[in-house]
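Scroll down for the structure; my scribbles are underneath it.
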Amino acid sequence: MAGHIPEEKVDEIRKSVDIAEVVGEYVQLKRQGRNYFGLCPFHGENTPSFSVSSDKQIFHCFGCGKGGNVYSFLMEIEGYSFLQAVRRVADKTGHSLPEQFNETPVQQTDPEAQSILDAHEWMTKLYHHMLRNSKEGKNALQYLLERGFTEETIQKYHLGFSPTSPDFVATFLEKKGFHPQTMVKAGLLNANEKGEYFDRFRGRIMFPLRNHLGKTVAFAGRSLGDQEPKYLNSPETELFQKGRLLFNFDLARSSIRKSKTMVLFEGYADVLSADQAGIRNGVATMGTSISETQAQLIKRYADRVIVCYDGDSAGMTAASKAAKLLKQTGCQTNVARLPEGLDPDDYIKKFGGDRFEREVIEASDPYTSFIINFLRRNYNLQLEGDRIAYIEKVLQEIAQLERAIEREHYLKALAEEFQMSIDTLKSEVEKLKAQKSNANLLQTYERRPQHNVPVKRSSTHRKLLPAFHNAERKLIANMLKNPVIADKVQEELGGAFNISEHQVIVTHLYAYYEDGHEPNVSQFIERLEDQSLKDLVIQLTMSSGMDEEMSDQEISDYLHRIRSENTDRNDIKSLEAEQKKAEQHNDPIKAAEIAMEILRRKQELKNTH
């Protein structure tokens, strides 16, 4: 629903944007006929089943069933509230919202979660203030400036300092009305056995860790001296899960969208240095290896990702794992090379941002080139056994390449280096590809259900529906695009549909037309609060065959089928009431006769529909 923003304004903003343009910022779309298709961003798939209609201004996935309009899409993919989605589209199209909606509040579904968010916002301000204005913070500020971080960067990222006094933060939070136990749960405070509360991050430089909406949900504290560990992160909470967030993603997102390229770093300082050097599309993992969730997030926004980790052995090993995972998700993956012992931050400080961009980022190796060189570290190529083992490993990588031209390129290089016949190498690659293909077929066969095992089918559109059910679906699909048909159905049938979801939809649809609205599915679904009903309406609208015009005879046939089902169901209900009455009057013979009649009527229904 539109909330407190006038419905006319919500509709005006929605109509001013092409949904395909918005969805296209997240999904690679290809036009097929009147619609666009791509890989669904809401579930993993290899064959495009995600459809976007510019005519109807809606999207629908035939795989997972999700659907809706431009607002629904943004709410689902970004986690926005309805007002945030409206504001996002308004910003894109240059529309202004009423002043009271310029600051959209965070959705408050959980008071404790909201309290934790508020506390993190206060702590971001306090830590930053302590860095800039306190005596204790002077050393930390000096350290950051000497490391090459500018005043602008310190301000932009709200870097801070946590005071050394054990109870300073605890007292501050208590005065602001936050419960100490909740703050322990949030990871801002620790508690000892005596029940005393104290700051988790005492004496550290503070990096706020923000979610993808720009809200601080955790902190990373870096020690200034010999304090261990060097980096101390907030513990995981419902709001902060390291494997689901990327550092700086909220600020880098617009640059990533424009360039379709993301640079993945290992450390927060690397991101900040790169940003100062003009590389605005850099993000970092939260102190852990990249997760599948993070890889999927990267794939959703970027066609190409450059992994830029430390130049030492540990950094290259981590880079190979990250690159492999990103490659598997379908990203075009490159890996940057840094001199041994240097991390990106060190390199930028030593050689400057221009050289870093030119000689590290732009000169990064494609995944296969990187992995071939990386594998060398594990073998002594002077030894015959190691050479053969290395070549076999490289051939396994080459066999995974889809493009023949790429396979040819790397096989030629391998043949030249080791003075081998390229035909022999090609033959080995073909064997490996055949083995992989057979393994995939075996997996598919093993996953296939056995003949004697019943298979549950949860999705309505995958099973054969009764005739009356199809009649109701087809009628609603046509009612959504033609108010004349809706009027006829309302007059002859009203809300007497047999499926409860259909009853709710037509009730809202009658009211929608009575309010003077024209047929517009994208606008109509805003009246439905239940997401499953929205998905069903979109599914009906996008299903094949639903665009065909319906004749008067077809409408009459469908109405007759629905009424017959309704009558039969009512008759059975009456018989069931009679059966109950006979049982109550202790008349088992009559009850048995009625039971037989009920079974006969139900069997007839089953055979007919």
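The values are calculated or read from the model by the stated rules, or taken from the named source; none is laboratory data. The shown structure was predicted, so the numbers you read here are calculated from the model rather than taken from an experiment. Cβ placement follows ideal geometry from the backbone for every residue including glycine, while neighbour counts extend to all protein chains displayed. Just so you know, the surface numbers come from the protein's heavy atoms only, side chains and all, with ligands and any DNA or RNA stripped out. Shrake-Rupley method; radii C 1.70, N 1.55, O 1.52, S 1.80 Å.
Structure notes:
- Per residue value of the accessible surface for the chain (all protein chains in place, 1.4 Å probe), Å²: 53
- Helix 313-329 axis, angle to the chain major axis (alpha carbon atoms, nearest 10°): 20
- Treating each Cα of region 288-439 as one equal point scatterer and applying the Debye formula with no solvent, the log10 of I(q)/I(0) at q = 0.20 Å⁻¹ comes out as -1.31.
- Over the Cα atoms of region 470-560, the radius of gyration divided by the Kirkwood radius equals 0.91; this is the Rg/Rh ratio.
- Degrees separating the helix 500-514 axis from the principal Cα axis of the chain, which is the longest one: 90
- Helical runs assigned H by DSSP (4 residues or longer) give the chain a calculated mean residue ellipticity at 222 nm of -16500 deg cm²/dmol, each run adding -39500 (n - 2.57) before division by the residue total.
- In this structure, Leu224 and Lys433 have a Cβ-Cβ separation that, at R0 = 56 Å, corresponds to a calculated FRET efficiency of about 0.55.
- Neighbour cut-off at most 11 other Cβ (10 Å), DSSP loop, trypsin sites (Lys or Arg not before Pro), region 219-312: Lys230
- Its Cα centre serving as origin, the chain has a Cβ charge dipole (Lys and Arg +1, Asp and Glu -1) of approximately 1140 debye.
- Across Lys258/Lys350; Lys474/Lys573; Lys125/Lys185; Lys481/Lys534, pairs whose alpha-carbon gap is larger than 18 Å: Lys258/Lys350; Lys474/Lys573; Lys125/Lys185
- Computed over protein heavy atoms with a 1.4 Å probe, the carbon and sulfur contribution to the accessible area of the chain reaches 47%.
- Percent of C-alpha pairs per 10 Å bin in region 171-326, short distances first: 10, 35, 33, 16, 6, 0.
- Nearest 10 degrees, 0 to 90: helix 292-301 Cα axis against the chain principal axis: 80
- Partner lysines for Lys260 [C-alpha distance under 20 Å; skip if fewer than 8 residues away on the same chain]: Lys30, Lys92, Lys299, Lys324, Lys327
- Counting only DSSP beta bridges whose two residues both lie in the chain, roughly 70 percent are antiparallel.
- Label-point gap, in nm, between His560 and Asp167 - each point 7 angstrom along Cα→Cβ: 8.6
- Relative frequency of Cα-Cα separations exceeding 50 Å in the chain, percent: 30
- Annotation for Lys15 and Ala363: the two label points, set 7 Å from Cα along the Cα-Cβ direction, are 5.7 nm apart.
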